[in-house]
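Down below is the structure, laid out as structure tokens.
The values are calculated or read from the model by the stated rules, or taken from the named source; none is laboratory data. Since this is a predicted model, take the numbers as computed values, not measurements. Every residue, glycine among them, receives a Cβ derived from its backbone with ideal geometry; neighbour counts consider all protein chains shown.
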Amino acid sequence: MRRWNGWGDDQFSLDLPEQGGDFLSARIGGGTALPDAALDHVCAQVPESRLPVDPLVTDLIDKSPEVRVRHARGQSLADWLALRSGDIGLFPDGVALPQTNTDVRALLQYARDHDVHLIPYGGGTSVAGHINPVEQGKPVLTVSLAQMKRLLDIDRQSQIATFGAGTPGPLVESQLRAHGYTLGHFPQSFELSTIGGWVASRSSGQQSLRYGRIEQLFAGGRIETLQGTLDIPTIPASSAGPDIREMILGSEGRLGLITEVNVRISKLPEQESFHVVFFPDWEQARTAARKLVQNRVALSMLRLSNPIETETQLALAGHPRLIGLLERFLSLRGADTGKCMMTFGVTGSKAQCRATLAEARKLCGRYQGVYTGTRLGAKWAEKRFTMPYLREALWQMGYAVDTLETATDWDNVDNLMGKMESCLRNGLADKNESTHVFTHLSHFYGQGCSIYTTYVFRVADNYQETLVRWQHLKNTTSEVIVRNRGTISHQHGVGKDHAPFLSVEKGQLGMQAITALTQSFDPSGLLNPKTLLD
């Protein structure tokens with residue numbers, strides 16, 4: 001069963017090693033957990049539904065309190081605090097579960113006839129407030145695409161697959177794997193997030209170096225809008241004016257409900273492995289990563305941890321004896337204090353993998369990289385989708401954890417990363433509180449890369465003050481990002497949380513164009529209000 005107030009399956013947990021707790025306590029102090037609200041207590045707060053009765057959609061809508069609670073929030077830290085405290089605020093007035101395009105069109109007609117807000121819902125993994133209701137005096141209907149989760153068609157000659165938009169990552173891959181294919185899109189939210197959500201939020205997968213971001217994989221599809229059905233054909237390339245696909249990518253439910261997604265698929269690779277290299281310092285590590293990408297070494301994924309993240313990962317890894325042996329080995333090889341860990345993936349045919357690995361190791365060696373094989377890489381692959389479960393373990397110890405991510409050009413990486421980390425690290429100084437901050441570069445381009453920063457702080461003695469502290473850290477650092485040549489989001493989308501910062505990136509004319517586009521598709525403003533546009 002899905003956790004109602006946290007991440008993932010409630011039968012699975014990821015414990016923090018004992019030395020991990022000691023590590024955090026030494027840096028930011030010991031924590032004290034806040035009490036959690038009970039589900040039945042929260043369900044008792046759910047008000048009567050305001051949705052008008054209409055026989056056209058009655059069988060599609062569930063108004064029960066628990067279902068409404070489970071669809072009221074996403075997975076941002078603000079959502080986490082709301083769910084854990086039981087102070088959720090607004091609930092959707094009902095949750096619709098359409099099974100067909102016809103059902104979706106009926107729900108859109110219902111929204112138009114009765115002046116109802118519609119919020120599209122995929123896997124509920126948003127960390128930017130995409131799916132949260134806002135109070136505007138209208139009933140709110142959340143539309144879950146969970147029943148539209150099948151592989152609808154596969155064109156082997158063109159390597160195009162069509163899925164229902166509510167298909168979660170594991171079902172995408174398992175249904176393709178049965179035919180010998182993969183999409184290769186693996187965000188950290190892979191277990192829960194959906195293919196339609198990936199398109200709506202312009203998602204990026206961990207192996208985007210090989211397979212591309214979702215904008216390279218999205219070939220076309222069907223969007224049901226208040227103005228009718230929009231079918232985007234699967235054309236390999238076109239110079240026929242602006243690309244309609246680009247209007248839908250990142251539209252976050254403001255233009256319509258994505259119901260079918262056509263994606264470009266690949267044959268399953270012959271083999272795949274993940275490798276780890278340690279560098280003696282950040283300068284050499286960052287330069288090696290840049291050279292790997294700009295020299296077009298055919299890696300499938302690349303991740304580079306800065307010194308503090310490297311230290312943190314090793315401290316939280318468990319197996320202290322083995323980590324101690326690794327530390328001694330690296331020290332002898334010149335990678336001691338200040339070392340940086342690089343993880344990279346090699347995917348393809350056996351011959352391709354041999355050649356790529358040899359080229360990558362040779363280049364890393366030029367920058368004093370110490371190759372340690374595949375053992376740590378295999379551990380990364382094993383836990384690549386379960387790391388969000390650590391939030392639960394940290395919460396039980398009295399710690400809150402969140403992330404901020406952006407992307408910028410290579411010449412600005414160190415400047416922006418330094419300012420983000422400094423803002424977070426010192427953000428609670430007036431409270432006499434420390435914040436543990438660390439960063440990795442997670443997606444790479446010839447032009448630049450993404451910056452993914454994690455921060456951990458002790459919860460306050462109540463929920464409201466904890467929320468205030470998070471808001472301060474989030475908002476001040478978001479301002480630093482957009483004022484220092486960073487995008488407000490590389491992979492998490494805009495939602496409601498990032499909307500106030502979007503205009504710095506897009507400019508006045510750009511915001512006018514986005515606004516005009518939403519008004520063209522949705523002149524009454526019924527679709528996901530306050531998302532994307534503040």
**Asked** of a type in the set (A, V, I, L, M, F, W, C) and touching a Ser or Thr at 6+ places or on another chain (Cβ under 8 Å) - does that describe any residue in segment 308-324?
**Response** yes
**Residue satisfying all of: in segment 438-485; part of a helix (DSSP H, G or I) and of a type in the set (D, E); nearest to S300 (Cα to Cα) among these** = E479
**Request:** Read through the list (1) in contact with a Lys or Arg (Cβ under 9 Å, 6 or more places away or on another chain); (2) not in a loop (DSSP other than H, G, I, E, B), then give the number of the only condition that G365 fails.
**Result:** (1)
**Prompt:** Is it fair to say V46 is outside any loop (DSSP other than H, G, I, E, B) and surrounded by 15 or more Cβ atoms within 10 Å (Cβ to Cβ)?
**Reply:** no
**Asked** Just for segment 317-364: of the residues that are under 19 Å from P280 (Cβ atoms) and among the polar types (S, T, N, Q), which one is surrounded by the most Cβ atoms within 10 Å (Cβ to Cβ)?
**Response** T343
**Request:** Would you mind telling me which numbered condition in (1) within 19 Å of G365 (Cα to Cα); (2) crowded, with 19+ Cβ neighbours inside 10 Å; (3) free of Cβ contacts under 8 Å to residues at least 60 places away in the same chain L314 fails?
**Result:** (1)
**Complete:** All conditions in (1) over 19 Å from R27 (Cα atoms); (2) over 20 Å from the mean Cα position of the chain (by Cα); (3) touching a residue at least 40 places away in the same chain (Cβ under 8 Å) are true of Q447 except (3)
**Prompt:** Can you tell me which residue in segment 177-190 is surrounded by the most Cβ atoms within 10 Å (Cβ to Cβ), limited to those that are more than 18 Å from Q216 (Cα to Cα) and touching a residue at least 40 places away in the same chain (Cβ under 8 Å)?
**Reply:** S189
**Message:** Show the residue pairs meeting these rules: Cβ distance below 9 Å; 6+ apart or different chains; first residue within segment 221-232 and farther than 14 Å from T100 by Cα; second residue basic (K, R) and part of a strand (DSSP E or B).
**Reply:** L230/R222; D231/R222; I232/R222
**Asked** Out of the residues in segment 295-346 that are in a helix (DSSP H, G or I) and of a type in the set (D, E), which is farthest from L394 (Cα to Cα)?
**Response** E327
**Request:** Would you mind stating whether L77 is touching a residue at least 24 places away in the same chain (Cβ under 8 Å), touching a strand residue (DSSP E or B) at 6+ places or on another chain (Cβ under 7 Å) and within 30 Å of F457 (Cα to Cα)?
**Result:** yes
**Asked** Among helices (runs of 4 or more DSSP H) lying entirely in segment 185-275, which contain 1 or more residues that are more than 18 Å from G166 (Cα to Cα) and either among the hydroxyl-bearing types (S, T, Y) or not assigned by TED's automatic domain parsing to the domain that holds A161 (or both)?
**Response** 208-211
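Yes/no matrix, rows are residues, columns are (1) touching a Phe, Trp or Tyr at 6+ places or on another chain (Cβ under 9 Å); (2) among the small types (G, A, S):
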{"position": "L230", "(1), (2)": "yes, no"}
{"position": "A240", "(1), (2)": "no, yes"}
{"position": "S251", "(1), (2)": "yes, yes"}
{"position": "I258", "(1), (2)": "no, no"}
{"position": "N262", "(1), (2)": "yes, no"}
{"position": "V276", "(1), (2)": "yes, no"}
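Matching residues to (1) of a type in the set (A, V, I, L, M); (2) at pLDDT 95 or above; (3) in the same structural domain as A285 (by TED's automatic domain parsing); (4) in contact with a helix residue (DSSP H, G or I) (Cβ under 9 Å, 6 or more places away or on another chain):
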| site | (1), (2), (3), (4) |
| --- | --- |
| L330 | yes, no, yes, no |
| K339 | no, yes, yes, yes |
| V346 | yes, yes, yes, yes |
| A351 | yes, yes, yes, no |
| A358 | yes, yes, yes, no |
**Message:** Could you check segment 74-89 and list, in sequence order, the residues that are closer than 18 Å to H492 by Cβ and polar (S, T, N, Q)?
**Reply:** Q75, S76
**Request:** Among what's in segment 53-95 and is among the basic types (K, R) and assigned to a loop (DSSP other than H, G, I, E, B), pick the residue that is farthest from T454 (Cα to Cα).
**Result:** K63
**Item:** Positions within segment 96-125 being part of a loop (DSSP other than H, G, I, E, B) and of a type outside the set (S, T, N, Q), in sequence order
**Value:** L97, P98, D115, V116, G122, G123, G124
**Prompt:** Among the listed residues K138, K149, which satisfies the condition of being in a loop (DSSP other than H, G, I, E, B) and touching a helix residue (DSSP H, G or I) at 6+ places or on another chain (Cβ under 7 Å)?
**Reply:** K149
**Message:** Suppose we keep only residues that are touching a residue at least 12 places away in the same chain (Cβ under 8 Å) and among the acidic types (D, E) within segment 11-70. Which one would you say is farthest from P388 (Cα to Cα)?
**Reply:** D54
**Neighbours by Cβ (under 6 Å, 6+ apart or cross-chain): first from segment 399-415, part of a strand (DSSP E or B); second among the charged types (D, E, K, R) and surrounded by fewer than 19 Cβ atoms within 10 Å (Cβ to Cβ)** = T408/R485
